[in-house]
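A short write-up of the structure that comes next.
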Amino acid sequence: MFLFLLWLLLSLALVAVFSFVFLRQWLLSRKNKLHSSSENGINVGIFHPYCNAGGGGERVLWCAVRALQEKYPNSRVIIYTGDIDASPNSILQKAKNVFNIAVDSDNVKFVFLKQRHWIEAKNYPHFTLLGQSIGSMVLGLEALCKFPPDIYIDTMGYAFTYPLFRYLAQCKVGCYVHYPVISTDMLKRVQQRQMAHNNKKYVARNPFLTWTKLAYYRLFSKMYKWVGCCAETIMVNSSWTENHILQLWDVPFKTHRVYPPCEVSHLKNLQHTEKGDEFIILSVGQFRPEKDHPLQLQAIYELRTLLAQDEGLWNQIKLVIVGSCRNEDDYDRLKNMQDLTKHLSLENNVQFSVNVPYEDLLKLYQTAHIGIHTMWNEHFGIGIVESMAAGLIMVAHRSGGPLLDIVEISEGSQNGFLATDAVEYAENILNIIVNNSEMTGIRSAARASVERFSEQEFEKNFLRAVSTLFTNI
């Protein structure tokens with residue numbers, strides 16, 4: 001029996017080695033044919049399975065494509081996407097309509113992937129990180145077999161695809177990391193047995209399950225470090241993300257901080273038409289659990305307590321929560337927040353606006369006084385930047401990107417406020433309301449500070465980071 005098992009293991013190992021060698025030779029041969037037959041020279045593959053989504057990550061994608069086309073006109077951009085229900089023309093038209101970004105359609109090729117369901121979180125109710133990571137390897141292998149590029153750039157954070165492209169097809173690999181898949185903060189929360197959207201109550205309360213999850217996270221962190229080190233240039237979107245990637249991957253000489261592009265010029269030109277009978281506090285963000293909308297409701301509840309002696313002013317205050325719902329889970333969260341609003345007796349001072357058109361959002365920017373953002377460890381905060389550009393006085397969470405990159409609270413250069421709990425949020429909001437006439441300097445500083453997050457700055461820093469990938473091709 002022992003000899004049989006040993007023979008079986010050796011046989012499987014030989015099959016794996018021969019399969020790897022065969023697949024690698026086939027991919028290299030196919031890659032060379034595509035390179036030699038291409039009129040444009042270098043093929044640059046960009047892995048973005050949800051390129052038609054229309055969010056901040058997609059603005060990064062299309063700004064990157066435009067920058068590459070302008071800097072390297074003799075290259076061809078290959079976009080790997082799972083949006084099989086959309087045509088290339090409709091995808092490019094949406095990029096133009098949503099982001100006002102036009103790219104050369106003749107120099108863009110879409111490779112449509114049919115295995116995107118492998119990376120969807122809903123398919124992995126347990127061990128989600130591992131399931132999605134293995135799933136990304138399946139999707140990455142499909143992309144690689146359909147079109148092996150010369151340069152591979154991942155713009156969605158699927159790090160487990162990097163070794164496939166580097167070792168199977170000898171591609172130069174780069175990536176743009178919006179946030180690390182796992183972080184030291186996640187490990188600390190599990191270790192301290194704190195409940196969170198990614199650490200369920202039954203896990204936090206059980207010492208054995210906590211120990212098991214910690215072991216799983218630590219093992220996954222080691223795997224994440226190995227695949228991450230396969231990238232030759234690593235772009236991160238904020239100081240917070242940079243700090244965590246350096247801790248996890250230990251790649252100081254490969255890492256470049258490249259802030260995401262925020263198109264803020266039109267927001268800076270908005271004229272405020274504030275309503276005299278209302279003081280609007282505006283929240284903008286998807287109805288996802290990590291956004292912590294309940295904290296906003298708790299802050300307004302605390303604000304009512306602070307204004308107990310001024311009922312007239314309290315009646316003028318309104319929190320408008322603008323958000324998008326992606327699926328049934330998001331709508332359930334919205335319903336729970338509406339119920340919490342009634343439970344706290346805030347229904348006359350809170351308004352929910354779901355999936356509003358952009359034109360209506362611009363009108364809200366013009367009438368609002370204060371912006372509020374409550375996500376803990378937001379990796380960057382495009383919504384915060386846009387609110388500041390629109391002239392809102394921002395109260396953001398004292399963590400992550402808002403703390404390290406966006407909001408400055410030092411005297412003389414203050415452009416907003418930071419808070420951590422409901423009471424601190426309420427106190428900051430009351431301070432802004434009471435001293436509204438003295439906030440002009442902070443509002444002007446906020447609008448001036450957002451220029452460093454422009455599309456032009458992004459493209460300049462992006463091209464500087466990827467330049468090493470284009471050498472010796």
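The values are calculated or read from the model by the stated rules, or taken from the named source; none is laboratory data. What you see is a predicted model, and the numbers here were worked out from it, not measured in a lab. Positions of Cβ are backbone-derived with ideal geometry, glycine not excepted, and every protein chain shown enters the neighbour counts. Heads up: the accessible areas ignore ligands, DNA and RNA and are worked out on the full protein's heavy atoms, side chains in. Shrake-Rupley method; radii C 1.70, N 1.55, O 1.52, S 1.80 Å.
Observations, loosely collected:
- For a straight C-alpha distance cut-off of 19 angstrom, the lysines reachable from Lys33 (same-chain residues fewer than eight places away being disregarded) are Lys109, Lys146, Lys172.
- Relative pair counts by distance (%), Cα atoms of the range 1-146, 5 Å bins: 2, 8, 14, 16, 16, 15, 11, 7, 4, 3, 2, 1, 1, 0
- With the helix formula -39500 (n - 2.57) applied to DSSP H stretches of n ≥ 4, the chain reaches a computed 222 nm mean residue ellipticity of -15000 deg cm²/dmol.
- Largest accessible area first, the listed residues Thr420, Thr440, Thr81 line up as Thr440, Thr420, Thr81 when surface is computed with a 1.4 Å probe on the assembled protein chains.
- The charge dipole of the chain, taken about the Cα centre with unit charges on the Cβ atoms of Lys, Arg (+1) and Asp, Glu (-1), comes to about 2040 debye, rounded to the nearest 20.
- Among beta bridges from DSSP that stay inside the chain, the antiparallel ones total about 0%.
- The chain: angle of helix 293-306 to the longest principal axis, Cα-based, in degrees nearest 10: 20
- Estimated dipole of the range 264-453 in Debye, rounded to 20 [Cβ of Lys and Arg +1, of Asp and Glu -1, Cα centre]: 340
- Orientation-averaged projection of the range 82-211 equals 10.2 nm² [convex hull of Cα atoms, one quarter of hull surface area].
- Selection from Gly381, Ser11, Ile370, by position along the positive dipole direction of the chain (Cβ): Ser11
- The angle separating the long axis of helix 328-343 from the principal Cα axis of greatest extent in the chain is about 20 degrees.
- The long axis of helix 2-37 is offset from the longest Cα principal axis of the chain by roughly 80 degrees.
- Taking the Kirkwood radius as Rh and the Cα radius of gyration as Rg, the range 252-316 has a ratio of Rg/Rh equal to 1.15.
- Set of lysines with alpha-carbon distance to Lys188 below 21 Å, sequence-local pairs under 8 removed: Lys200, Lys201, Lys213, Lys222, Lys225, Lys291
- Alpha carbon convex hull of the range 385-473, projected area averaged over orientations, nm²: 7.2
- Sequence of Arg257, Arg24, Arg205 from largest to smallest accessible area, 1.4 Å probe: Arg205, Arg257, Arg24
- Per the Kirkwood formula applied to alpha carbons, the range 55-133 shows a radius of gyration over Rh ratio, Rg over Rh, of 1.05.
- Computed over the range 264-453, the range of Cα coordinates on each principal axis works out to 41, 41, 30 Å, biggest value leading.
- For the chain, the average shadow cast by the Cα convex hull is 25.7 nm², which is a quarter of the hull's surface.
- Between Asn327 and Asn89, the contour length at 0.36 nm per residue exceeds the Cα-Cα span by 83.1 nm.
- Sequence of Tyr124, Tyr179, Tyr224 from largest to smallest accessible area, 1.4 Å probe: Tyr179, Tyr124, Tyr224
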